[in-house]
1. If residue 61 satisfies all but one of (1) under 19 Å from residue 130 (Cβ atoms); (2) in a loop (DSSP other than H, G, I, E, B); (3) in contact with a helix residue (DSSP H, G or I) (Cβ under 9 Å, 6 or more places away or on another chain), what's the number of the condition it fails?
2. If I ask for residues that are within 16 Å of residue 53 (Cα to Cα) and touching a helix residue (DSSP H, G or I) at 6+ places or on another chain (Cβ under 8 Å), which ones from region 74-99 would you list?
3. Just checking, how many residues over region 85-101 are buried (at least 21 other Cβ atoms within 10 Å of the Cβ) and assigned to a helix (DSSP H, G or I)?
4. If you take the residues of region 46-56 that are surrounded by 20 or more Cβ atoms within 10 Å (Cβ to Cβ) and not in a loop (DSSP other than H, G, I, E, B), which of them is nearest to the chain's Cα centre (by Cα)?
5. Inspect region 22-40 for any residue being under 17 Å from residue 100 (Cβ atoms), modelled with pLDDT of 60 or more and not in a loop (DSSP other than H, G, I, E, B) and give the result as yes or no.
6. Return a yes/no flag: does region 64-73 have any residue that is more than 20 Å from the chain's Cα centre (by Cα) and either at negative phi or assigned to a strand (DSSP E or B) (or both).
7. Any residue in region 103-115 that is crowded, with 21+ Cβ neighbours inside 10 Å and in contact (Cβ under 8 Å) with a residue 40 or more places away in the chain?
């Protein structure tokens, strides 16, 4: 009877120690990598008609931590300057994009869809923006 008691206590202590090291006491383990920043869900539309213009701006924004979800053509190709449109009432993401692109053209225009936080209509000034923002 005594052996059963001592064996149970020893097993219980062993399980507690094992549980501790599996959950909290990860000694010698490599630290976790820091999370990749996520700044908004962005739609980029080529509004100037130059092939590859939206991809250039997408790369610039992704390098700054923005989450570019979609790249496509705008319905019209008459955008002289790049326009940032907030699709939600909270314009913070659109403002951050405007700062990243050095654009003062930031407006609120909700379209009933909550798929994206912001839409960027890439204008003919995309090369100026890309050259000015290279780090």
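The values are calculated or read from the model by the stated rules, or taken from the named source; none is laboratory data. Keep in mind that what you see is a predicted model, and the values were worked out from it rather than measured. For neighbour counting, all protein chains shown are included, and Cβ atoms are generated from backbone atoms with ideal geometry for every residue, glycine included.
1. Checking residue 61 against (1) under 19 Å from residue 130 (Cβ atoms); (2) in a loop (DSSP other than H, G, I, E, B); (3) in contact with a helix residue (DSSP H, G or I) (Cβ under 9 Å, 6 or more places away or on another chain), the one that fails is (2).
2. Step one: of region 74-99, the residues within 16 Å of residue 53 (Cα to Cα) are 74-84.
82, 84, listed by residue number.
3. Residues meeting the conditions: 4.
4. Looking at residues that are surrounded by 20 or more Cβ atoms within 10 Å (Cβ to Cβ) and not in a loop (DSSP other than H, G, I, E, B), I get 54.
5. First pass over region 22-40, keeping only residues under 17 Å from residue 100 (Cβ atoms): 36-40.
Next, from what is left, pick out any that are modelled with pLDDT of 60 or more: 38-40.
Subset that is not in a loop (DSSP other than H, G, I, E, B): 39-40.
Yes - at least one qualifying residue is present in region 22-40.
6. Our first condition is that a residue be more than 20 Å from the chain's Cα centre (by Cα); within region 64-73, this holds for 73.
Pick out the ones that are also either at negative phi or assigned to a strand (DSSP E or B) (or both) and you get 73.
Within region 64-73, one or more residues are more than 20 Å from the chain's Cα centre (by Cα) and either at negative phi or assigned to a strand (DSSP E or B) (or both).
7. No, region 103-115 contains no residue that is crowded, with 21+ Cβ neighbours inside 10 Å and in contact (Cβ under 8 Å) with a residue 40 or more places away in the chain.
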